[in-house]
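Student: Sharing a structure below in structure tokens format, with a few things to ask.
Nothing in this text is a laboratory measurement; each read-out follows from the coordinates by a stated rule. Keep in mind that this is a model prediction, so the values were computed, not measured. Glycine also receives a Cβ, built like all others from the backbone with ideal geometry; neighbour counts cover every protein chain displayed.
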Amino acid sequence: MHRDLRVSDAERQAVARRLERALRDGTLTIVEFDDRVAGAYAAKNRGELEDLTEDLPPDLW
């Protein structure tokens, strides 16, 4: 994935859903979730989205 490519609304929403799962699983606190979701919707490129989820365990479902 090229970090500098522009992202679509669908990609932003997919990351927000991933962050919601991490919140439900207890991987993120509500404060971290709020900060990261705000970052997802403000992201302009793929690198910004990758940075929001790179420290999360693999999404197995």
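Student: Mind listing whichever residues of the stretch 13-61 are under 18 Å from R3 (Cα atoms), surrounded by 13 or more Cβ atoms within 10 Å (Cβ to Cβ) and polar (S, T, N, Q)?
Tutor: N45, T53
Student: Between T29, T53, which is without any contact (Cβ under 8 Å) to a residue 12 or more places away in the chain and among the β-branched types (V, I, T)?
Tutor: Matching residue, one of T29, T53: T29.
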